[in-house]
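Reading through the structure tokens given below for one structure.
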Amino acid sequence: MKTTSQTIDTNSMATAEPSVQVNQDVMYLYKSQEGFEAIKTWYDELVDQIEIDFTSEYVDTRFGKTHMLVCGPEDGEPMILVQAVAGSAPLWRNQLPVLAKRFRVYALDTVGQPGRSAPNPPSYFNNDYLNWLCDVQDSLGLKKSHFIGVSTGGWKVMRMATDYPERVDKVVMLSPMGLSHARLPWKIWFKRVMQKSKDANALENELTAKSIKSPSASGSVSFGSFDRQLARAMALCTRHFRLDRAMCIYNDKTQKISFIKAFKLVWQFFTSEKKSLLQKMEAPGLVLFGEHEILYNPDKVSKKALKLMPNVEVGIIEKSGHACIYDQPAESNRRIMRFFDGIKTQTAPEPLADTNVIKERLIKAGQLEEIHGEDGGPYMRLMLKRVPNVEAGFMRIWKAPQGSHIDRVFHIWMGGRGNDMNLMYAMTRADSPVPHFLMHYNLNPKDIWSYHIDMVPKVDGVMYPDYWRKVMSPLSAITESKAVKAIPTRRIQADRKQYLSSWSMYGKEVPKEEYMYVRDEVMPHFVDHFLELVDNCDYRTVGSAYLIERGRKQMDVLFDREMDRKGWGRLEALFGEEAGEALRKACRDELCEIEMPAANHY
């Protein structure tokens, strides 16, 4: 059950001296009392939609009270979330449940923007925003924290990393300003916004993903769902919020907009920071763009970011526009957590290293314990059968704790003579409905790359179509994507294919670029889905008797030499037929033997 108690931190206040005159008049930023109430109602209703426990807290800064939604374990790594212009804390509602599993999250209402913070906007023309963020950290007693920011918020957290590196751990920038010269969206502003100037409801209905797609997107492009709460916020703020005052371009004395300041603001927003500043970025960073960014070309900006900021990783989210967390929240969350888990895109592929990345995720998630050989090393060492008869491979095995859906994880590596061949199997218990997970990453001496990824179904999908729907079909999100469909289809030997799934990804003698794409963009989806099933699978249509009987037959087939004649043949060419048979026998023998139950239940 979520909590929304208002708490004010009185023991840890900002130490910064007030450098601005704090405005306490809430109505200063609103066009009318009615408009203020409309935005307040929207805010409160959105807060009620947050699906985890949180508290509503305030800290002091030189710009007045700063409100934040706080969630996650108290001993978790601190993370500060910064919204865009006219954004507010509850717009992070799709990220909070994911981030709060690991981090102590502080989702800020920016001062001088809609929300519960003081109506005293920092200036965009100096370091006010950075001073404000430093004050927040000081008030919370944080010497260092992670930052995530979206759009202009992404720009400001980037500046925190360049200007105050000692205060920043890792930083995520979502469609940030400041990385490139940007296009001014004049047509959208005048055609979509200004024509509906008297009706916020009409403007909200007009704001869709299609209406704000990039000029480069074709007329048939459709993406995401364009978060309706974001559309509502944009419509309400356009109609009722004093953006001129929030952006510090309104002169209260003359009661007019300062066009000089307005021009300077546009210049600030739509031009790039200096290269020398961007090159100061030392903190590990992640930049995520939408495929259909409206403000700039994401491919060109990605290349610039990688060139100027060597510690930064870059990703482009398909079927999303500016600020991908709204169009594709699940994929954006996955990319963000992958970054914080340390799963980094390598500059060059190495099948053994790439396999180890996946293996370490499985070991950590499943709390697996390695089964060592007699010498305390790998379960089995592989020796080349010909001179120089040296060790050039291994089999390592990990077992899962009792009660886990996972039974064993096997990793077979074959090196020597220019080979880097990896076979990894995460085998689930015989009485578990969770599919087996398998992956092969291989590099042969002639620079020939290959891969195979699959989740081997435990239930016949023809007899039980609900199994496909509930357990397997979530993989379609990646296997049916435009990029994956562009990959040529390769044939798998017929007698082997019947035991695999329709979602299997197989590439033999492929370009290195295809291998890297599958490694970086496809494999994580399979691993995420497998681990989600390990944690939460509750498929009960069939009983354990069915699963065990089918599972035994499956094991005999999966570890039969005839099922992968070429793969096992390459192994035996290096290490001998006895080694091949010993490996297959170990895979079968090490699996937990489960007795057939008297009753048909799971």
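The values are calculated or read from the model by the stated rules, or taken from the named source; none is laboratory data. All of these numbers come straight from a predicted model, not from anything done at the bench. No Cβ is skipped: glycine too gets one built from the backbone with ideal geometry, and neighbour counts run over all protein chains shown. The accessibility values were calculated without ligands, DNA or RNA, using every heavy atom of the protein model including side chains. Shrake-Rupley method; radii C 1.70, N 1.55, O 1.52, S 1.80 Å.
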Flag if Ala426 is assigned to a strand (DSSP E or B) and within 29 Å of the chain's Cα centre (by Cα): yes
When restricted to Phe394, Phe410, the only residue part of a strand (DSSP E or B) and without any contact (Cβ under 8 Å) to a residue 60 or more places away in the chain is Phe394
Going residue by residue through the range 128-139, is there one that turns out to be among the hydroxyl-bearing types (Ser, Thr, Tyr) and not in a strand (DSSP E or B)? yes
Do the conditions hold for Glu391, that is, is it exposed (fewer than 15 other Cβ atoms within 10 Å of the Cβ), at pLDDT below 85 and either of a type outside the set (D, E, K, R) or over 17 Å from Gly567 (Cα atoms) (or both)? yes
Of (1) of a type outside the set (A, V, I, L, M, F, W, C); (2) in contact with a Phe, Trp or Tyr (Cβ under 9 Å, 6 or more places away or on another chain); (3) in a helix (DSSP H, G or I), Arg335 fails just (2)
_Would you confirm whether or not the range 280-294 contains a residue that is within 29 Å of Lys170 (Cβ to Cβ), at pLDDT below 85 and outside any loop (DSSP other than H, G, I, E, B)?_
no
Residues of the range 452-466 being within 26 Å of the chain's Cα centre (by Cα), surrounded by fewer than 22 Cβ atoms within 10 Å (Cβ to Cβ) and of a type in the set (Val, Ile, Thr), in sequence order, are Val456
Per the filter on the range 245-299, residues in contact with a strand residue (DSSP E or B) (Cβ under 6 Å, 6 or more places away or on another chain) and small (Gly, Ala, Ser) are Ser258, Ala283, Gly285, Gly290
Taking the range 365-379 and keeping only residues that are more than 25 Å from Gly403 (Cα to Cα) and open to solvent by 40 Å² or more (accessible area, probe 1.4 Å), one is left with Glu374, Asp375, Gly376
Of (1) of a type in the set (Phe, Trp, Tyr); (2) surrounded by fewer than 22 Cβ atoms within 10 Å (Cβ to Cβ); (3) at pLDDT 95 or above, Trp42 satisfies every one except (3)
Of (1) within 25 Å of Phe526 (Cα to Cα); (2) in a helix (DSSP H, G or I); (3) in contact (Cβ under 8 Å) with a residue 60 or more places away in the chain, Ser320 satisfies every one except (2)
